[in-house]
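The values are calculated or read from the model by the stated rules, or taken from the named source; none is laboratory data. None of these values were measured; they are calculated from a predicted model. In this analysis, Cβ positions are derived from the backbone assuming ideal geometry, glycine residues included, and neighbour counts consider all displayed protein chains. Ligands, DNA and RNA are stripped out before the accessible areas are found, and what is left, the full protein with its side chains, is counted by its heavy atoms. Shrake-Rupley method; radii C 1.70, N 1.55, O 1.52, S 1.80 Å.
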Amino acid sequence: MDSLYTDPDAEACVARYPDLPRDLALRVYTTRLLGSDPRLVLHGGGNTSVKLTLPDLLGVAAEVICVKGSGWDMGTIEPAGLPAVRLDALRKLRERNAVADEDMVKVQRAHLLDPTSPNPSVETLLHAFLPHRFVDHTHSTAVLALVDQPDGEQIAREVYGDAMGVVPFIMPGFALACAAARVYEAKPDVEGLILHKHGIFTFGDDARQSYERMIAMVTRAEERLARGRKVLPAAALPAAVAPLAEVAPIVRGAVALKNAKQEGAWHRLVLDFRTGEAIRTFVDGAELSRYSQAGVVTPDHNIRTKNKPLVVPAPDACGIAAFASAARSAGKRFRDEYRDYFARNNARCGGVKTMLDPAPRVVLVPGLGLFGLGRTKKDARVAADLAEAAVATILDAEAIGRFDALPEADLFDMEYWSLEQAKLGTAKEPPLAGQIAVVTGGAGAIGFATARAFAAAGAEVAILDKDEIAAREAAQRIGGTALAITCDVTDARTVRIAFDRVVEHFGGVDIAISNAGAAWQGRIGEVDEAVLRESFELNFYGHQRVAQNAVRIMQAQKTGGCLLFNASKQAVNPGVNFGPYGLPKAATLLLVRQYALDYGPDGIRSNAVNADRIRSGLLTDEMIAARSRARGVSEKDYMSGNLLGREVTADDVAQAFLAQALALKTTADVTTVDGGNIAAALR
Ligand SMILES: [Zn+2]
């Protein structure tokens, strides 16, 4: 591993923050260097500090430690992510015999220079009890591969000799900080500390020295690992493995939990798939069930990955039904074991803890790769990143010996430690969290408004539109994890490909909003049959293709689902010369009910929104101007020509779709969103 420190970059960082003390700017610089290498730091893991003098809010100079605050990632840290805490207060704690975690957090918060700062890291005391100006801490995969061994402490001593102190495993907090300080004080010329089964600290007088010691010490670990020769034996795999698009919904369904509080509701997860040479070596290994189940590589991971991944059998392309049933049994076994693990350890802790959901956060699929899982795509990516780091660590550990993790009790204490759980936040989840919604015609007025409303309600959304650029722009406008896919619903092949892409990306489909449509006109007795067929192709068969693909995926998940169709006033109240549009829409209205009837027993609901007179690609501003002129009314009166006298918007339609998606006991429903029109009222 090479040092990335350069003087010009360091000076550029100092210049970027002219109001900051030089050392604090350099602290930002090297923190980012460490944080941008996934071999060292991932997702909020690791922390750094610098000790210096800063003026407090009254302008009085105070000796402080600026230490990474919770909620900040090292790779993108800003000065605000390094809150300043008064050092004398922290050092005073050292005189105590014990300090409870809650008291430690209180003391840290009470002595912040700026009370609006984020909480200082849970490892702040360790930084504070060391005398060095700069302290750096990472969970380097190479160092973990050395210490995650039955004789890890011994290996660390052999590799580092007198250069590094070795600290036995203790949970982060006051006790670990004291133990680390004692190891340092016994050998004050060490350049850092190896924390058994946890990570590495280095320190120095300046930013560069502390950072480059980290790089040098990690390099020593890498060199030791490079001497590892053991090759993992591979397991026998089926001749043909089923494709990701077929496997993902089965896995997603196998890990979903029935919501005990609400009939028909599921606690679903979003998937993030990874594969590659290292992952395949890992998941295809003959001893996968041993090394994958030993525990996490560093206890910092288990709030996001749980202690163990779920392992499913290799999905044989010729026996997908058998795979599905084996995957579901494996999912159930995982949950049962997790409940037992919780009960065992909670009893040891006095029964005061509340169990987290028992679903896995990483799934290993021999012959294919791995999935990270989360309630959002973002969380799924975090779990997948940590799983990839674990794969790298365990492969290295197995090459030099045997991967070995902490005992279950230590892992439980970390997973259920209030200070770790605080990292996950306590924000209330939005109503569609964990669900995946597909919207066709997603770049149009109603499609976009609907995609935006579903994303705001917590769903992951895929925008399907035949206009590639418009789809991409719509996804960008929604932001976050919205996915854009080009799809022409009149072409069965592209609909299948689009749904495969959604499934490969998010893991499945829970809600399909079949919205794409266009209006054709013509007097029905004279209209060319080709026009009628063209309209049926889009306004009926398009809906059928979307629904068919969605149902196929929902059936693989076995967690129900929701089909939503954009019907039209024309379906119940035909307009003069609108036969070519109204007829397929009338057939679609029956399609809605047919799906409700045929798939109700599977928990798949089917509803439609019947909207009228919405500004959109089907009713453009020019059309509105022409029609209101023809009727001799103002545009405003034309648009609000309904019982309520209110113009109906695409957002109103989106809210109706959302209400249907959330109404778990409503199916075969058609909701009218037209401001009131008795002639078009359903009877
Ligand atoms: Zn740590």
L58 vs (1) within 23 Å of W417 (Cα to Cα); (2) loosely packed, with under 14 Cβ neighbours inside 10 Å; (3) out of contact with any helix residue (DSSP H, G or I) (no Cβ under 8 Å at 6 or more places or on another chain): all pass except (1)
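Which ranges mark the helices (runs of 4 or more DSSP H) fully within the stretch 456-538 that have 1 or more residues being over 24 Å from K585 (Cα atoms)? Give the derivation first.
Details: elements: 468-478, 492-506, 529-536.
Here the list reads 468-478, 492-506.
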Check D136, D151 and return the single one that is within 15 Å of the ligand (Cβ to nearest atom) and outside the structural domain of D385 (by TED's automatic domain parsing).
-> D136
Output the residues belonging to the stretch 554-584 that are part of a helix (DSSP H, G or I) and either out of contact with any Ser or Thr (no Cβ under 6 Å at 6 or more places or on another chain) or aromatic (F, W, Y) (or both).
-> M554, Q555, A556, Q557, K569, Q570, A571, G579, Y581, G582, L583
Note: among A630, A679, just one is at pLDDT below 90 and open to solvent by 40 Å² or more (accessible area, probe 1.4 Å), namely A679
Conditions: (1) open to solvent by less than 30 Å² (accessible area, probe 1.4 Å); (2) outside the structural domain of L563 (by TED's automatic domain parsing); (3) within 22 Å of A681 (Cβ to Cβ). V653 meets all but one. Number of the miss?
-> (2)
Filter the stretch 273-301 for residues that are more than 24 Å from the chain's Cα centre (by Cα), touching a residue at least 24 places away in the same chain (Cβ under 8 Å) and farther than 16 Å from V231 by Cα and give the result.
-> A294
Residues of the stretch 461-473 being in contact (Cβ under 8 Å) with a residue 40 or more places away in the chain and open to solvent by 10 Å² or more (accessible area, probe 1.4 Å), in sequence order, are D465, K466
Would you be able to say whether some residue in the stretch 63-73 is more than 15 Å from the ligand (Cβ to nearest atom), more than 21 Å from H301 (Cα to Cα), in a helix (DSSP H, G or I) and touching a Ser or Thr at 6+ places or on another chain (Cβ under 9 Å)?
-> no
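Quick check on my filter: what residues within the stretch 101-122 are loosely packed, with under 11 Cβ neighbours inside 10 Å and free of Cβ contacts under 8 Å to residues at least 24 places away in the same chain?
P115, T116
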In the stretch 167-196, what residues are within 15 Å of the ligand (Cβ to nearest atom) and surrounded by fewer than 22 Cβ atoms within 10 Å (Cβ to Cβ)?
-> P168, F169, I170, M171, G173, A175, L176, A179, H196
Count, please, the residues in the stretch 474-492 that happen to be more than 22 Å from A457 (Cβ to Cβ) and either touching a Cys at 6+ places or on another chain (Cβ under 7 Å) or crowded, with 20+ Cβ neighbours inside 10 Å (or both).
-> 2
Screening V283, V312, V270 for residues that are farther than 25 Å from G45 by Cβ, among the β-branched types (V, I, T), open to solvent by less than 10 Å² (accessible area, probe 1.4 Å) and more than 16 Å from the ligand (Cβ to nearest atom) leaves only V312
Has the stretch 235-242 got at least one residue that is within 16 Å of the ligand (Cβ to nearest atom), touching a strand residue (DSSP E or B) at 6+ places or on another chain (Cβ under 7 Å) and either open to solvent by 30 Å² or more (accessible area, probe 1.4 Å) or assigned by TED's automatic domain parsing to the domain that holds Y29 (or both)?
-> no
The lone condition L386 fails out of (1) touching a His at 6+ places or on another chain (Cβ under 9 Å); (2) without any contact (Cβ under 8 Å) to a residue 24 or more places away in the chain is (2)
Considering the stretch 217-251 alone, what residues qualify as being within 21 Å of G331 (Cβ to Cβ) and assigned to a helix (DSSP H, G or I)?
-> L244, A245, E246, V247, A248, P249, I250, V251
Residue that is farthest from the chain's Cα centre (by Cα), among those in the stretch 656-675 that are part of a loop (DSSP other than H, G, I, E, B) and surrounded by 14 or more Cβ atoms within 10 Å (Cβ to Cβ) = G675
Matching residues, the stretch 8-52, being of a type outside the set (D, E), under 29 Å from A110 (Cα atoms) and without any contact (Cβ under 8 Å) to a residue 12 or more places away in the chain = P18, R22
Can Q544 be described as farther than 30 Å from L244 by Cβ and either more than 37 Å from the chain's Cα centre (by Cα) or open to solvent by 30 Å² or more (accessible area, probe 1.4 Å) (or both)?
-> no
Determine if the stretch 533-546 includes at least one residue that is under 30 Å from E263 (Cα atoms) and touching a His at 6+ places or on another chain (Cβ under 8 Å).
-> no
Unmet requirement for A587, which otherwise passes all of (1) under 31 Å from the mean Cα position of the chain (by Cα); (2) of a type in the set (A, V, I, L, M, F, W, C); (3) assigned to a helix (DSSP H, G or I) | (1)
Only one residue in L373, L368 is in contact with a helix residue (DSSP H, G or I) (Cβ under 8 Å, 6 or more places away or on another chain) and open to solvent by 20 Å² or more (accessible area, probe 1.4 Å), so which one is that?
-> L368
Top-ranked residue of the stretch 197-208 - restricted to ones that are away from the ligand (no atom under 16 Å from the Cβ) and of a type outside the set (G, A, S), ranked as most open to solvent (accessible area, probe 1.4 Å) | D205
Which residues, taken from the stretch 182-241, are within 15 Å of A156 (Cα to Cα), in contact with a Phe, Trp or Tyr (Cβ under 7 Å, 6 or more places away or on another chain) and small (G, A, S)?
-> G192
What do you reckon, is G75 loosely packed, with under 15 Cβ neighbours inside 10 Å and modelled with pLDDT under 95?
-> no
Taking the stretch 417-434 and keeping only residues that are part of a loop (DSSP other than H, G, I, E, B), open to solvent by 10 Å² or more (accessible area, probe 1.4 Å) and either touching a helix residue (DSSP H, G or I) at 6+ places or on another chain (Cβ under 8 Å) or at positive phi (or both), one is left with W417, G425, P430, P431
